[in-house]
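These notes concern the structure reproduced below.
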Amino acid sequence: MPSVVVVGTQWGDEGKGKIVDLLAERADYIVRFQGGNNAGHTLVINGRKHILHLIPSGIFHEGKTCLIGNGVVVDPAVLLSEIDRLQESGLPVPPGKLYLSEKAHLIMPYHKAIDLGRESLRGKTRIGTTGRGIGPCYEDKIARRGIRVSDLLDPELFGQKLKEILEEKNFYLQKYLGRDPLSYEEVYETYLRYGERLAPYVANISEILDQARREGKNILFEGAQGTQLDIDHGTYPFVTSSNTVAGNACAGAGVGPTSIDYVLGIAKAYTTRVGEGPFPTELRDATGDHLRECGGEYGSTTGRPRRCGWLDGVILREAARLNGLSGLAITKLDVLSGLTEIRFCEAYELEGRRLSSLPARVSEIYRVKPLYRSFRGWQEDLSNCRRLEDLPSAAREYLHFIEDYTGVPVVMVSTGPSRDQNILIRDPFRA
Ligand code: IMP
């Protein structure tokens, strides 16, 4: 009855969606515990591309229950349109297949307006957010003036809360950000309708998970974003507004730390980042372009081209420590085919000092110089490799080095976008 947490080890977009989809076959419950529709999980199923922003990727599997935990910030319009789109493509999402925590906070129209308004005001110093209102929603949660899913189910209470907060938000929007105010009636009516549609999905997720564990079910916690985007441990302030590390699966879903059995970290065979912020191994050259084109590195949420660079061992080690990783899944190894040399950053140099972890201040991270170890590349196409032995020896050497360097075993390798393009070395649910 194991519980497995899957987290990104880099700046998000590590290919978690595909790995979660694979592991979902072995799970009974799939749970989101943080983030919101800033995430985008791309899955290719039977040659068809699906992108999910809120609903756990496990939804594509028969007989699974998908849960959205209290730690997630939920844009009800996005959740409902995701339900509708799945329904249209022949995949009904009835209550019972999907549950939404009554304690999850709602992304309101003013959160989006504030997110966008602040970013444009910041100009060059912008964070490069996804513009989905994530940060402003978490701010209200922490400031104890957020609106939660359960509030929507009580029209009177919802109306009161909205009236009070909208007064303040409209003042800020107009006077500080120079934006249009929002109409109370419009927001109230629209959200009440959302509430009516969402009501049958609303539940106590902590209780559902407790019951599931007692029944010996397999539970999969699906992290969004990546360790370096964590609000505490990432490259602050160029981070998202939630804790993305594995420990937050507990607080964000309502389970205790003793109920987590395995933590799987997902790492791309190279590194990418969207938005602003330091990125020590970034390649602003033809190799970076090669990785972007071969890896299809364009954001699934915003369509922005991703910044690309070599694999950064320093942040991988940091991810191993911060998440307590039990195993690593290396994704997109196939994208490195065709390169004559592959580089791996094993430390940084800053003003003549060798660093083996990231400085806390971004001003320093911007100035570190990556110290690389060089590996020979390979020319073979990996898309049909299904066992470790099928990989060219140069690719195996690279993987072994990652294991030695991080001290974490590589248990899965992804060699293409489809469900079946994988090498499964050890099953996290049977570890
Ligand atoms: P926010 O989460 O929209 O506030 O954006 C904050 C930072 O996190 C920006 O640099 C975004 O590009 C980044 N970010 C947020 N979600 C994701 C994701 O799912 N993948 C990669 N980057 C993300």
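Which of the residues belonging to the stretch 218-233 are open to solvent by 10 Å² or more (accessible area, probe 1.4 Å) and within 12 Å of the ligand (Cβ to nearest atom)?
Matches in the stretch 218-233: Gln225, Leu229, Ile231.
Hey, can you tell me all the residues within the stretch 269-310 that are aliphatic (A, V, I, L, M) and surrounded by 21 or more Cβ atoms within 10 Å (Cβ to Cβ)?
Ala269, Val274, Leu291
If Asp84 satisfies all but one of (1) open to solvent by 10 Å² or more (accessible area, probe 1.4 Å); (2) acidic (Asp, Glu); (3) part of a loop (DSSP other than H, G, I, E, B), what's the number of the condition it fails?
Evaluating Asp84 over (1) open to solvent by 10 Å² or more (accessible area, probe 1.4 Å); (2) acidic (Asp, Glu); (3) part of a loop (DSSP other than H, G, I, E, B) leaves (3) as the failure.
Given the options Leu91, Leu116, Leu157, Leu162, name the one that is at pLDDT below 95 and either in a helix (DSSP H, G or I) or surrounded by fewer than 16 Cβ atoms within 10 Å (Cβ to Cβ) (or both).
So the residue among Leu91, Leu116, Leu157, Leu162 that is at pLDDT below 95 and either in a helix (DSSP H, G or I) or surrounded by fewer than 16 Cβ atoms within 10 Å (Cβ to Cβ) (or both) is Leu91.
Can you pull out every residue in the stretch 358-379 that is aromatic (Phe, Trp, Tyr), assigned to a loop (DSSP other than H, G, I, E, B) and touching a strand residue (DSSP E or B) at 6+ places or on another chain (Cβ under 9 Å)? Reasoning before the result, please.
Filtering the stretch 358-379 for residues aromatic (Phe, Trp, Tyr) gives 366, 372, 375, 378.
Narrowing the set further to residues that are assigned to a loop (DSSP other than H, G, I, E, B) leaves 366, 378.
The answer is Trp378, and nothing else.
Considering each of Leu391, Leu355 in turn, give the residue that is more than 26 Å from Ile45 (Cα to Cα), surrounded by 13 or more Cβ atoms within 10 Å (Cβ to Cβ) and modelled with pLDDT of 95 or more.
Leu355
From the list Thr125, Thr130, which one is surrounded by 14 or more Cβ atoms within 10 Å (Cβ to Cβ) and either farther than 30 Å from Arg306 by Cα or of a type in the set (S, T, N, Q) (or both)?
The match here is Thr130.
Suppose we keep only residues that are more than 11 Å from the ligand (Cβ to nearest atom) and open to solvent by less than 10 Å² (accessible area, probe 1.4 Å) within the stretch 1-15. Which one would you say is farthest from Asp210 (Cα to Cα)?
Ranking the qualifying residues of the stretch 1-15, first place goes to Thr9.
From the list Leu153, Leu121, which one is over 25 Å from the mean Cα position of the chain (by Cα) and within 16 Å of the ligand (Cβ to nearest atom)?
Answer to the check: Leu121.
Kindly list the number of the only condition in (1) closer than 21 Å to Ile59 by Cα; (2) buried (at least 22 other Cβ atoms within 10 Å of the Cβ) that fails for Arg213.
(2)
The values are calculated or read from the model by the stated rules, or taken from the named source; none is laboratory data. Owing to the predicted nature of the structure, the values given are computational and were not obtained by experimental measurement. Neighbour counts are summed over all protein chains in view; Cβ atoms, including those assigned to glycine, are modelled from backbone coordinates with ideal geometry. Areas reflect the complete protein model, heavy atoms only, side chains present, ligands, DNA and RNA absent. Shrake-Rupley method; radii C 1.70, N 1.55, O 1.52, S 1.80 Å.
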